[in-house]
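Encoded as structure tokens, the structure appears first; notes follow it.
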Amino acid sequence: MRPVMETYSGTCHCGAVRFTFRTREISSAMLCDCSICSRRGAGLTPETIPPADMHITAAPGTLKTYQFGTKTAQHHFCGTCGIHTFVETRLNPGHYRVNLGCIKGLDALRLPSEIYDGQNL
Ligand SMILES: [Zn+2]
């Protein structure tokens with residue numbers, strides 16, 4: 001059976017970074033306990049999103065990227081409002097997980113969540 005795919009859209013807080021993506025219907029949040037995610041506290045999409053299913057529109061110069069450690073993962077955020085919008089993951093470079101709090105119409109804080117053992121990745 002093919003999973004039901006949904007289209008979601010989201011923005012950073014100020015609206016300079018906008019995006020739409022397709023994924024399975026989001027019914028849970030992934031929380032990760034790695035050094036950056038535990039500080040940020042944002043729930044992420046449980047599925048990674050392939051680049052073909054992710055469309056990003058950002059005002060020129062607004063999308064910033066933070067990297068650390070192996071410099072594989074790319075933690076993207078808005079340089080104007082500072083909100084982390086999505087990450088290109090370390091295990092699947094070029095594929096995204098999105099900050100659920102940025103998604104329009106999603107009650108992100110009330111989704112059930114699972115904690116991912118990113119600390120021991
Ligand atoms: Zn912003």
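Scanning the stretch 61-81 for residues that are within 13 Å of the ligand (Cβ to nearest atom) and either part of a loop (DSSP other than H, G, I, E, B) or over 26 Å from Ser113 (Cβ atoms) (or both) returns Gly61, Thr62, Leu63, Lys64, Gly79, Thr80, Cys81. Consider the stretch 41-53 and keep the residues that are of a type outside the set (Val, Ile, Thr) and outside any loop (DSSP other than H, G, I, E, B). The one that is farthest from the ligand (Cβ to nearest atom) is Ala52. Given the criteria among the aliphatic types (A, V, I, L, M), assigned to a strand (DSSP E or B) and within 21 Å of Met5 (Cα to Cα), does Ile56 qualify? Yes, satisfied. Restricted to the stretch 1-22, and to residues there that are without any contact (Cβ under 8 Å) to a residue 60 or more places away in the chain and of a type outside the set (A, V, I, L, M), the residue that is nearest to the ligand (Cβ to nearest atom) is Gly15. Could you tell me whether the stretch 84-106 includes any residue that is assigned to a strand (DSSP E or B) and at pLDDT below 95? For the stretch 84-106, residues assigned to a strand (DSSP E or B) and at pLDDT below 95: absent. From the list Leu91, Leu109, Leu100, Leu121, the lone residue that is surrounded by 15 or more Cβ atoms within 10 Å (Cβ to Cβ) and more than 20 Å from Ala59 (Cβ to Cβ) is Leu100.
The values are calculated or read from the model by the stated rules, or taken from the named source; none is laboratory data. None of the values given here were measured: they were computed from a predicted structure. We place every Cβ from the backbone using ideal geometry, glycine too, and count neighbours over all the protein chains shown.
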